[in-house]
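K.L.:
First the structure, then my questions, so here it is.
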Amino acid sequence: MKAVGLLSGGLDSMLAVKVLQEQGIEVIGVTFESPFFGSGRARRAARALRVPLRVVDITEELLEVVRRPKHGRGSGMNPCIDCHALMLRRAAEVMREEGAAFLFTGEVLGQRPFSQTRGALRLVERESGQEGLVLRPLSAKLLPETLPERRGWVDRSRLLDLRGRGRKRQMELAERYGIEEYPSPAGGCLLTDPAYARRLKDLLEHQEEVKRRDLEILKVGRHLRISPRTKVVVGRNARENEEILRWEEKGDLVMEAEAYPGPTCLIPGGGNERDWEQAAAICLRYSDAPKDRPGRVLCHGRWEGTVETSALPPEECEPLLI
């Protein structure tokens, strides 16, 4: 018997693998990548568990889900139910390719109030088109029987009845299975991060066509919205300045204070020419240039030249921060 499991790299997903391996079931892990989360934890977990891992990039599909979630969002920009349904659909493709019989996850009933209630778990299955084929080994005894249990592929009596947010039983199981290293239960999804979520919301409100670069650069620097067409990304240190330049594309406008240390400032797509002077004033605001007299800002990219202006006062700059 072979099963495909969603392996996040967290302790719960690792325990789900162990519970099924105990029953002699061959396990293949699948994990997902996007600008909102990576696969590093899952790769480390797969090595520790000695299971094969398929890594699937779902950026384009997930962006559409984030933009127009059918079942709403959590506290940030996280459409957890729609996202989990997407992951199960893609995992089902791996299941068919690998000749596996069913899917499983490390979800625990009641652990997350939005996405791991009984109703949410049923909804995710229905939306994914995999009703009856998704086993949750850690809470299976508290949930309706799945097809793998009814057909005897899995022994239900050897599955678990974990519930809620407590971690004591998981930690005891980790010791029993010899799992010594595992990450804290804090989520690794940027869509739940308040600062990133604000920036993403602003991006989607002002830009119809969004590329991966646009999502990656949300992680870097300060972001200030001058107008619907103009946003300035301001590096906070040398590393961020380098990162900003790494994401520069044709048509962008880059600004740096002349003769003084300071940030690299990027206007994606160049913005509106009428906003360039204010963008230059922002650049001076965060540089070491004197604030009591005008300074010069060098520009390159969409336009080559120099803007002379005064640093934007803090009380005018702060309201522009996203």
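K.L.:
Could you give the semi-axes, largest first, of the ellipsoid that matches region 240-301, computed as the square roots of 5 times the alpha carbon gyration tensor eigenvalues and rounded to whole Å?
P.N.:
Largest first, region 240-301 gives 19, 14, 8 Å.
K.L.:
Same structure again: Picking from 233, 62, 173, whose Cα lies most toward the positive end of the charge dipole for the chain (charges on Cβ: Lys, Arg +1; Asp, Glu -1)?
P.N.:
It is 173.
K.L.:
Continuing with this model, one more query. So what are the three principal axis dimensions of region 65-116 from its Cα atoms, in whole Å, longest to shortest?
P.N.:
38, 26, 12
K.L.:
Which distance in Å, rounded to a whole number, links the C-alpha centroids of region 105-160 and region 188-258?
P.N.:
If you average the Cα positions of each part, the centres end up 39 Å apart.
K.L.:
Output wanted: per-residue J couplings in Hz (rounded whole) for region 20-33, from phi through Karplus 6.51 cos²θ - 1.76 cosθ + 1.60, θ = phi - 60°, x for Gly and Pro.
P.N.:
6, 4, 4, 8, x, 8, 6, 10, 10, x, 9, 9, 10, 10
K.L.:
Follow-up. How do the peptides 6-19, 91-104, 149-162 rank, highest first, by the average count of neighbouring beta carbon atoms within 10 Å per residue?
P.N.:
6-19, 91-104, 149-162
K.L.:
Here's something else I'd like to know. Hey, what do the phi angles of region 88-97 turn into as Karplus ³J(HN,Hα) couplings, whole Hz, using 6.51/-1.76/1.60 and θ = phi - 60°, x for Gly and Pro?
P.N.:
Rounded to whole hertz, the list is 5, 4, 5, 5, 5, 5, 5, 4, 5, 5.
K.L.:
Let me ask something additional. Would you kindly calculate the mean projected area, averaged across all directions, of the convex hull enclosing the Cα atoms of region 170-315, in square nanometres?
P.N.:
Numbers: hull surface 46.7 nm².
Dividing the Cα hull surface by four gives the mean projection, 11.7 nm².
K.L.:
Work out Dmax and Rg for the chain from the C-alpha atoms and quote the Rg first, both in angstrom.
P.N.:
Values for the chain (Cα only, Rg and Dmax): 24.3, 79 Å.
K.L.:
Quick one: give the max-minus-min coordinate of the C-alpha atoms of region 96-228 along each principal axis, largest first, in Å.
P.N.:
If we take the Cα atoms of region 96-228, the spans are 61, 34, 29 Å.
K.L.:
Of the accessible area of region 238-311, with the probe set at 1.4 angstrom, what percent is carbon plus sulfur?
P.N.:
Values: 1730 of 3820 Å².
Of all accessible area on region 238-311, carbon and sulfur atoms account for 45 percent.
K.L.:
With only Lys, Arg, Asp and Glu charged, each at its Cβ (+1 for the first two, -1 for the last two), find how big the charge dipole of the chain is about the Cα centre; round to the nearest 20 debye.
P.N.:
That gives a dipole near 1420 debye.
K.L.:
Which residue, 287, 271, 130, has the largest displacement toward the positive end of the dipole of the chain when charges sit on each Cβ (Lys, Arg +1; Asp, Glu -1)?
P.N.:
130
K.L.:
Expressed as a whole percentage, what fraction of the accessible surface of region 116-156 belongs to carbon and sulfur atoms when a 1.4 Å probe is rolled over the protein heavy atoms?
P.N.:
Of all accessible area on region 116-156, carbon and sulfur atoms account for 44 percent.
K.L.:
What ³J(HN,Hα) values, in whole Hz, does the Karplus curve 6.51 cos²θ - 1.76 cosθ + 1.60 give for region 165-170 when θ = phi - 60°, with x put for Gly and Pro?
P.N.:
8, x, 10, 4, 5, 4
The values are calculated or read from the model by the stated rules, or taken from the named source; none is laboratory data. This one's a predicted model, so the numbers in the text were calculated from it and none came from an experiment. Heads up, the Cβs are rebuilt from the backbone with ideal geometry, glycines too, and the neighbour counts pull from every protein chain shown. Heavy atoms of the whole protein, side chains included, go into the accessibility calculation; ligands, DNA and RNA do not. Shrake-Rupley method; radii C 1.70, N 1.55, O 1.52, S 1.80 Å.
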